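A.B. asks: For reference, the structure I am asking about is given below.
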């Protein structure tokens, strides 16, 4: 799991602070990662930012775009969501937005069916895992 600094410089040596979500998304696409994990200070995408119980645990690009169009995504969540969507469109299979300050959130998100944050896929119908987290039967070529 690469952990990188969001600092970069140009040919003249000028240092720039690059958005960490943009770097993570570009790395995930470039490395052809299975997953993009975005750790933040909120539990994931919330339908109502004032209600932690409104966490969206599983969604696809279309649903995220609907939430964005309705104005449900704002502030620091926007670049995280944009990075996740760009990564998914670039071939990453899943993007997770998780509260990195919450104890065991990463392990819970990755190793349990319920998760701890938001998992976004390109299209639910193309995702090989059902919403319950149980692998769906795959056909075996004859």
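We did not get these values from a lab; they are worked out from the coordinates using the rules stated. Being a predicted model, the structure only gives us computed values, none of them experimental. Virtual Cβ from ideal backbone geometry, glycine too; neighbours counted across all protein chains shown.
A.B. asks: With axes computed from alpha carbons, what is the tilt in degrees of helix 20-30 against the longest principal axis of the chain, rounded to the nearest 10 within 0 to 90?
C.D. replies: Between helix and principal axis, roughly 60 degrees.
A.B. asks: Taking 1 over the mean of 1/r across every pair of different Cα atoms in the stretch 11-57, what Kirkwood radius in Å do you get?
C.D. replies: The answer is 13.4 Å.
A.B. asks: Highest mean first, how do 121-127, 21-27 rank when packing is the count of other Cβ atoms within 10 Å averaged over residues?
C.D. replies: 21-27, 121-127
A.B. asks: Continuing with this model, one more query. Helix 77-89 versus the longest principal axis of the chain: what angle, 0 to 90°, nearest 10, using Cα atoms?
C.D. replies: Once rounded, one gets 70 degrees.
A.B. asks: I've got another one for you. If packing is taken as the average count of other Cβ atoms within 10 Å, what order do 100-111, 7-18, 56-67 fall into, highest mean first?
C.D. replies: Ranking the peptides 100-111, 7-18, 56-67 by packing returns 56-67, 100-111, 7-18.
A.B. asks: Report the dimensions of the chain along its three principal axes from the alpha-carbon atoms, largest first, rounded to Å.
C.D. replies: 57, 46, 32
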